1. Whole-Hz ³J(HN,Hα) for each residue in the stretch 143-152, computed from phi via Karplus 6.51 cos²θ - 1.76 cosθ + 1.60 with θ = phi - 60°, x for glycine and proline: what do you get?
2. Under 4 °C and 1.567 mPa s, how fast does the stretch 115-157 diffuse according to Stokes-Einstein, given a Kirkwood radius computed over C-alpha pairs? Answer in µm²/s, whole number.
3. Taking 30 Å as R0, compute the FRET efficiency from the Cβ-Cβ separation of Arg46 and Asp121 and round it to 0.05.
4. Note down the net charge around Ile79, summing +1 for each Lys or Arg and -1 for each Asp or Glu among other residues with Cβ under 11 Å from its Cβ.
5. Show the residues, 5+ positions off or on another chain, whose built amide H is closer than 5 Å to the amide H of Ala148.
6. Across 10 Å bins from 0, what is the distribution of all Cα-Cα pair distances for the stretch 143-215, in whole percents?
7. Compute the FRET efficiency between Asp69 and Glu13 as 1/(1 + (r/R0)^6), taking r as their Cβ-Cβ distance and R0 = 22 Å, and round to the nearest 0.05.
8. Which parts of the stretch 104-119 would a label at Val35 reach, counting a residue when its backbone N lies under 19 Å from a point 7 Å out along Cα-to-Cβ?
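Read-outs: derived from the displayed coordinates by stated rules, not from any lab. Not measured: the values here are computed from a predicted model. Neighbour counts are summed over all protein chains in view; Cβ atoms, including those assigned to glycine, are modelled from backbone coordinates with ideal geometry.
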Amino acid sequence: MTDLSDAVDALAEPVIEHVAQIGDDGKWLRAHTTVHPPLLRQLADRVRPSGVPDGAGGKSSPAERSVADLNALLEYAKITTAIRSWCHKRKVKVTRPPHVDPVADLIRWRGSVEFDTPLADDGWHVRQLTKWVAVIETILNPRQAFEADYPCPICHATSWGNAIDGGSTRAIVIMYQVDDKGHLFDERALCRPCQTVWDGHASVMELAEEQHETA
């Protein structure tokens with residue numbers, strides 16, 4: 001079961017991604033590690049221009065924003081408002097405009113829970129945080145997806161998280177996009193427990209073939 005600290009980390013800590021590298025013979029060689037900003041900060045960057053703090057106007061008006069950007073803005077507002085509400089209830093100092101930082105606010109809130117007064121029901125908060133992770137990942141990477149029914153060859157996990165608090169009985173998810181002719185592209189496989197990524201059609205096919213050979 002995912003605990004509260006892990007749930008906060010999923011939103012507020014840098015995202016470490018291990019991309020599988022494929023050799024000329026089609027076999028994967030190693031995993032290349034890439035570090036991305038925290039998911040919550042990636043969402044913040046999505047809804048405001050680089051270098052423009054919260055509370056400052058962007059270059060485009062609401063009418064000029066795309067539907068996707070408006071959805072991202074709405075979700076970002078809902079998440080940051082909820083985090084600030086959690087902080088206020090526990091009398092945790094929050095960041096102020098024009099430098100609102102929900103990542104810092106969330107980490108401070110977790111500190112109050114871990115070192116001050118525990119929550120009466122941290123399960124609800126874990127479920128909410130896990131839901132936000134899924135929402136942000138969908139906004140940042142809008143792909144169609146299905147879960148693969150085989151273990152990860154890297155960490156050997158067969159499941160992810162907890163079905164109640166957020167998770168699945170299958171570890172690997174296959175994501176892809178479809179063009180206007182119905183052709184698949186931008187294929188990617190992700191092991192959610194260890195964050196190993198198989199990027200591209202060749203890598204995903206190699207993963208599937210390897211599983212078929214060992215089945």
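1. 3J(HN,Hα) across the stretch 143-152, in whole Hz: 10, 7, 7, 8, 9, 8, 9, 7, x, 6.
2. Calculated translational D: 95 µm²/s.
3. Calculated value: 0.45.
4. Taking every other residue near Ile79 into account, the sum is +1.
5. HN-HN under 5 Å from Ala148: Ile172, Val173, Ile174.
6. Computed distribution, short to long bins: 20, 50, 25, 5.
7. Details: r = 25 Å, r/R0 = 1.15.
Here the calculated transfer efficiency is 0.30.
8. Flagged as within label range: 104, 107.
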